[in-house]
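Just below is one structure, and these are the notes that go with it.
The values are calculated or read from the model by the stated rules, or taken from the named source; none is laboratory data. Quick caveat, the model's predicted, so the values are computed rather than measured. Here the Cβ positions follow ideal geometry from the backbone for every residue, glycine too, while neighbour counts run over all protein chains shown.
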Amino acid sequence: MVKKGKAKVDLQVQLAPGLVLKNPVISASGTFGYGREYAPYLDLARLGALVTKGISLRPQRGNDPVRIVETPCGMLNAIGLENIGVEAFLARELPGLRAAGATVIVNIFGQSPADYAALAAILERETGIAALEINISCPNVKAGGLQFGTDPKMAAELVAAVRRETSLPLITKLTPNVTDITDIARAVAAAGSDCLSLINTLTGMAVDLRTRKPVLANLTGGLSGPAIKPVALRAVYQVVQAVNVPVIGIGGIASATDALEFLLVGAAAIQIGTCNFVNPAITVEVVEGIEKYLREQGCTGIGEFIGSLRLPGAGRD
């Protein structure tokens, strides 16, 4: 018999037809390597899913160093989407992730809609891939990525091109570096994205007063970490109100409390990024923390909590 107060909480969330996660905690692209790098610290199968670093058709060298700089409550990165390319990923990395029982979401990017579509067609044929995350929001590359994510029409055309090549669930990752993120959200949802993830990093800069030069070789980089959480939380809340597809919240999550705040404003799941560098086991700790909180609140399932934000003037309990 299960003791009172110890009943298991159902943490399952559905992000798309055929994409049901055991819990809402996902590792964010670019902060978790290809996945195997974190296997010594946690059981990859315990996560709702892991998102690979961005994968392109061909290997990509990335930007010159310096590529990372610490900032108050966060970091700037300008890695430039360095990766081994899709063929090497499928040969070297995916088999180990399958063996580990991980739920794998592959982040894809390219320099044209044709690149994205070609990647989708290749990955469509593989087993062990649960979904694709379309990266239209990286601020650290000179072609592709962000140029698609700031224009609703271009974003929609890109998503539609990917949709034609695959039956895999599609998640589109949105940038906060726009005037109104809901415009992009509506466009890509209408074009066939099953789910949205947001936010990617905010564009920022660091300078060295001693040398009077930019710290990053790329001049600018993407700001992430706890400093961006309020911006991310606001964006997630707005997008949840604007679209009828699930939203994954990303940005500054460093604890179960942070994750629960995103779920409270309506996110169906969350991704943890920069904090993986500080605490490699943070994702599992957040899973446990979410379950503990919901149990204490008397919830039998996470669906009772998601989107339960009490707004001013909405009545009294």
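See the values below:
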quantity: Matching residues in the stretch 248-273 - criterion: being closer than 14 Å to residue 28 by Cα and in contact with a helix residue (DSSP H, G or I) (Cβ under 7 Å, 6 or more places away or on another chain); calculated: 249, 250, 251, 252, 253, 254, 259, 270, 272
quantity: Selection within the stretch 72-121 - assigned to a helix (DSSP H, G or I) and among the small types (Gly, Ala, Ser); calculated: 88, 91, 96, 99, 114, 117, 118, 120, 121
quantity: For residue 294: the one exception among (1) farther than 20 Å from residue 16 by Cα; (2) within 18 Å of the chain's Cα centre (by Cα); (3) hydrophobic (A, V, I, L, M, F, W, C); calculated: (2)
quantity: Options 2, 69: the member that is at pLDDT 95 or above and either surrounded by fewer than 20 Cβ atoms within 10 Å (Cβ to Cβ) or not in a loop (DSSP other than H, G, I, E, B) (or both); calculated: 69
quantity: Of all residues in the stretch 29-66 being among the small types (Gly, Ala, Ser) and in contact with a strand residue (DSSP E or B) (Cβ under 7 Å, 6 or more places away or on another chain), the one that is nearest to residue 199 (Cα to Cα); calculated: 29
quantity: Selection count, the stretch 284-300, where residues are closer than 14 Å to residue 258 by Cα, charged (D, E, K, R) and touching a residue at least 60 places away in the same chain (Cβ under 8 Å); calculated: 1
quantity: Where residue 137 falls short, out of the listed (1) surrounded by fewer than 16 Cβ atoms within 10 Å (Cβ to Cβ); (2) among the small types (Gly, Ala, Ser); (3) in a loop (DSSP other than H, G, I, E, B); calculated: (1)
quantity: Only listed residue being out of contact with any Ser or Thr (no Cβ under 8 Å at 6 or more places or on another chain) and closer than 21 Å to residue 124 by Cα, chosen from 95, 72; calculated: 95
quantity: Candidate set from the stretch 36-54 (those that are touching a Ser or Thr at 6+ places or on another chain (Cβ under 7 Å) and not in a loop (DSSP other than H, G, I, E, B)); member that is surrounded by the most Cβ atoms within 10 Å (Cβ to Cβ); calculated: 51
quantity: Among the residues listed as 305, 262, the single one being farther than 18 Å from residue 137 by Cβ and of a type outside the set (Gly, Ala, Ser); calculated: 305
quantity: Selection from the stretch 55-66 of residues that are under 21 Å from the mean Cα position of the chain (by Cα) and in a loop (DSSP other than H, G, I, E, B); calculated: 56, 57, 62
